[in-house]
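Asker: Below is a structure I'd like to ask you about.
Just so it is clear, none of the values below were taken in a lab; they were calculated from the coordinates. As the structure is a prediction and not an experimental result, all values here were calculated from the model. Here the Cβ positions follow ideal geometry from the backbone for every residue, glycine too, while neighbour counts run over all protein chains shown.
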Amino acid sequence: MTDGRITRGEATRERILGAARLLFGELGYEHTSIEAVLESSGVARGALYHHFPSKAALFDAVLEAVVAELASRASREARGGDALENLRAGARSWMQMAREQEVQRIYLLDPQAAVGWARWRELDERYWLGALRASFAKLAEEGRVPRGQEQLLAYMLCAVLTEAALFVAYATDQLIAARTAEAAVETLLDRLVGAA
């Protein structure tokens, strides 16, 4: 009986998250009401608040799921042997993802107001920085970037990619903006590695 309740609870939680993700991705945090999530998920108010004590907590859970998926997608694109090519492939993948409405609303535009800058930053560190650090560590081992700068370079590239994604998200023509952002990041990486 306990296992059945746990399974039903997990299914309810996933239903809430799925409905909230669609709504947050389409309408944004501010314009998504708890009532809309309840209606879309078919879940009772008490069940929602059992899993998520507030709209911000619900958004936070959706945000973390989206960030984890984005990092996984970028990582799959960057599975080559060369660290610089991995960085390039991951950056290209990220610029393409930045054109998706759900990604823009949930990851780029709404998190600072919904959960705060510190939480947004924490998720970046948890899901993005490890792979960036590993790539820069390999580049340093190969003598392609200066030793001792790997961690700072990872943070800097993370910031560059976030700003480039925001550039895409706010652009009128997002396809052109994504191509421009990709080219700019490529130029940055070429010059950074070429300067070592």
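Asker: Please order 82, 60 by the number of other Cβ within 10 Å, starting at the fewest.
Answerer: The fewest-first ordering by Cβ neighbours comes to 82, 60.
Asker: May I pose another question? Could you put 155, 170 in order, starting from the residue whose Cβ has the fewest other Cβ atoms within 10 Å?
Answerer: 170, 155
Asker: Something else about it: Packing-wise, with mean Cβ within 10 Å as the measure, how do 61-67, 124-130 rank, highest first?
Answerer: By packing density, highest mean first, the sequence is 61-67, 124-130.
Asker: Here's another thing I want to ask about it. Find the relative contact order for the chain and round it to a whole percent, using C-alpha pairs within less than 8 Å whose residues are 6+ positions apart.
Answerer: 22
Asker: Full-extension gain between residue 31 and residue 122, please, as 0.36 nm times their residue separation minus the C-alpha to C-alpha distance.
Answerer: That pair, residue 31 and residue 122, stretches by 30.3 nm at full extension.
Asker: Let me ask something else about it. Which order, highest average first, do 86-93, 142-149 follow once you tally other Cβ atoms within 10 Å for each residue and take the mean per peptide?
Answerer: Ranking the peptides 86-93, 142-149 by packing returns 86-93, 142-149.
Asker: Counting only other residues whose beta carbon sits under 15 Å from that of residue 155, what net charge do I get with K and R as +1, D and E as -1?
Answerer: Computed value for this residue: -2.
Asker: I would also like to ask the following. What size of dipole, in debye to the nearest 20, comes out for segment 19-139 about its Cα centre when the only charges are +1 on Lys and Arg C-beta atoms and -1 on Asp and Glu C-beta atoms?
Answerer: Dipole about the Cα centre, nearest 20: 400 debye.
Asker: How far is it, in nm, from the label point at residue 68 to the one at residue 155 when both lie 7 Å from their Cα along the line to the Cβ?
Answerer: 2.7
Asker: Hey, with R₀ at 35 Å, roughly what FRET efficiency would residue 85 and residue 14 work out to, going by the Cβ-Cβ distance, to 0.05?
Answerer: Approximately 0.45, to the nearest 0.05.
Asker: Answer with a single label: of [x] 46; [y] 55; [z] 49, which was calculated as percent of Cα pairs over 23 Å apart from the structure in view?
Answerer: From the options [x] 46; [y] 55; [z] 49, the structure gives [z].
Asker: Same structure again: Considering Cα pairs under 8 angstrom that are at least six residues apart, work out the relative contact order of segment 1-72 and quote it in whole percent.
Answerer: 35
Asker: What does the helix-only formula give at 222 nm for the chain: each DSSP H stretch with n ≥ 4 adding -39500 (n - 2.57), the total divided by the residues, and the result rounded to the nearest 500 deg cm²/dmol?
Answerer: -24000 deg cm²/dmol
Asker: Further question: Given axes a ≥ b ≥ c from the Cα gyration tensor, I'd like to know whether segment 99-196 is rounded (a/c under 1.5), prolate (a/b larger than b/c) or oblate.
Answerer: Oblate shape, in that a/c is at least 1.5 and b/c is the bigger or equal ratio.
Asker: Using only Cα atoms and rounding to the nearest 10 degrees, what angle (0 to 90) does helix 2-27 make with the longest principal axis of the chain?
Answerer: 60
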